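Only one structure is covered here, and it is reproduced in the block below.
What follows is calculated from the coordinates using simple rules that are stated; it is not laboratory data. This structure is a prediction, so every number in the text was calculated from the model and none was measured. For neighbour counting, all protein chains shown are included, and Cβ atoms are generated from backbone atoms with ideal geometry for every residue, glycine included.
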Amino acid sequence: MPERLEQPLPTWRRLYENGTVRKTVLLLVLALMWEGYARVLDNPLLFPTLTATVSALLASTRSGELPRAIAYTLTLLLEGYVLGLVCAALLTALASVSKIGADLLEMLTSMFNPLPSIALLPLALIWFGLGNGSIIFVLVHAVLWSVALNTYAGFRALSPTLRMVGQNYGLSSVGFITKILIPGAFPGILTGLKVGWAFAWRTLIAAELVFGVSSGSGGIGWFIFEHKNQLLIPEVFAGLLTVILFGLFVEHVIFRTIEERTVRRWGMQI
Amino acid sequence: MLLQAIGVTLQYRTADRVVTATRDVSFSVDRSDRFVILGPSGCGKSTILKSVAGFVTPVAGRILLNGATVTRPGPDRVVVFQEFDQLLPWKTVIQNIMFALTAGGRLPASEAAARARHYLEKVKLTASADSFPHTLSGGMKQRVAIARAMAMEPQVLLMDEPFAALDALTRTQMQEELLQLWTDTKITILFVTHSIEEAIRIGNRILLLSAHPGTVKAEIHSAGIDEADVNGRLLSARIHAQLFEDANA
């Protein structure tokens, strides 16, 4: 009988090696523990069951209340994010053309990056009043520094050889920036976008909890806060679950897809 | 005479000092020459190449291409670098070559594609046309860089130790391929190296530079083989003696 050089692993072993399977099992165990503990506790005001949370989620989705809150939050988020990106682009451009600009970027970033954006909200309320302006202000602060710093780092990491290759082609200066510098710095830019997004999302939900209603509609943070006041705790849990699910979706689906199509495909992952 | 350097002195700046890389270097390159600049490290040979390319401006002297002073980089003088990261990582092999042709608005896309395929075939990399650079070996990356530079059909091809980072077997193979490409196209090559052996094999004319700062020692003709002269001394031994005679004296 010939010696077998390869033999398949037992089925359970192969399943154990699969990260998705492991994590799914873990998630199911946690869900069961949640449901079990909440049933034993039997106090929906403190800790509702998973089934109660899910049915609250479905109910407020069907009633249109939760989708409205999500839409409101996303609109605000996009406004703040885009404005933050524009400011970051200006700051990075300044840093790229002069040493003073680079020093300014480094100094401002090291000063303001450790400052949690939400700490600026009281001040913003005085400056911009009880409107969306205040929230957008803290969002810009949340996005600006990490995006500017990472983008600038991306430009600096671009190899001198690649710059010379670009200059060799006889491109115009606009062509050089858009076709060589920006794709070359894309790993840094993408890191900045990811970190900026993470800061912005957390800051926005927190800001909405403190203050989040204008002209009769509010975002997800407000949805959570309002239902706490009405002691509708399953809805509070549903709101939190929405925050988690949406955060996961952006970080693991949207940004992951961009990464796989660009920096991973190009072998430029840092 | 295609390319001329007249009394070129080059300096570069570090954080706290100005270093003179070459002093009063003159040479002239004819059409279809394979002109090699040979010298030990620190003789400023790469800096000379970069100033011919237009990346470094001489503090004294001039560089003339077809009688016109070189002031900035341009597609008529294309550089092949030593570094493997000279290909744009976000473009495939064929896109890298095509982009070099369409970038300055010099060729329409359809013509660029045809020319890119032609030169890719010359370096025998047609099979890798749609691969991204990070999946290629070092030798393949250098082949693409050479194909890209030749596709631009420059007046002079500038090569800055393009094979120095390759293993010995690949290096020898690449030298032969380069000579074959030259036979096909008769392109003018300015080639920088610190290897005497490589200089003899690649060049028909060799410029010897001494180090710190780089000055011209001699210009030598090579027939591509390491021949002995009437006294029985090998060409490589003579070059070695001329390069290092100060150190031995």
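Quick look at the numbers
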| read-out | value |
| --- | --- |
| 17 Å Cα-Cα reach of A:Lys179 towards aspartates and glutamates, excluding residues that sit fewer than 8 places from it in its own chain | B:Asp85 |
| Cα shape, chain A, gyration tensor, a/c 1.5 rule | oblate |
| Residue pairs, from the table B:Lys45/B:Lys122; B:Lys124/B:Lys186; A:Lys194/B:Lys91, whose Cα atoms sit over 21 Å apart | B:Lys45/B:Lys122; A:Lys194/B:Lys91 |
| Positive-end extreme of charge dipole, chain A - chosen from A:Phe47, A:Leu66, A:Val143 (charges on Cβ) | A:Val143 |
| Rounded, prolate or oblate (a/c below 1.5 giving rounded, otherwise prolate when a/b exceeds b/c) for region A:31-168 by Cα gyration tensor | prolate |
| Contact order normalised by residue count of region B:117-249, Cα under 8 Å, 6+ apart, percent | 16 |
| 22 Å tail of the calculated P(r), region A:118-219, as % of Cα pairs | 48 |
| Percentage relative contact order, chain B, counting C-alpha pairs under 8 Å, at least six apart | 26 |
| Three-way shape label, region A:1-83, alpha-carbon gyration tensor, a/c 1.5 | oblate |
| GNM top mover of A:Val236, A:Val138, A:Val97 - chain A, alpha-carbon springs below 10 Å | A:Val97 |
| Sorted peptide list for B:29-35, A:166-172, B:15-21, A:262-268, criterion being average Cβ within 10 angstrom, highest first | A:166-172, B:29-35, A:262-268, B:15-21 |
| Descending semi-axes in Å of region B:85-215, equivalent ellipsoid built from Cα gyration tensor | 27, 17, 14 |
| For the protein assembly as shown, calculated [θ]222 nm from helices alone, where every DSSP H run of n ≥ 4 adds -39500 (n - 2.57) | -17500 deg cm²/dmol |
| Chain A, relative contact order [Cα under 8 Å, separation at least 6], % | 22 |
| Choice from B:Leu64, B:Leu157, B:Leu38 with maximal GNM fluctuation in chain B (Cα, 10 Å cutoff) | B:Leu64 |
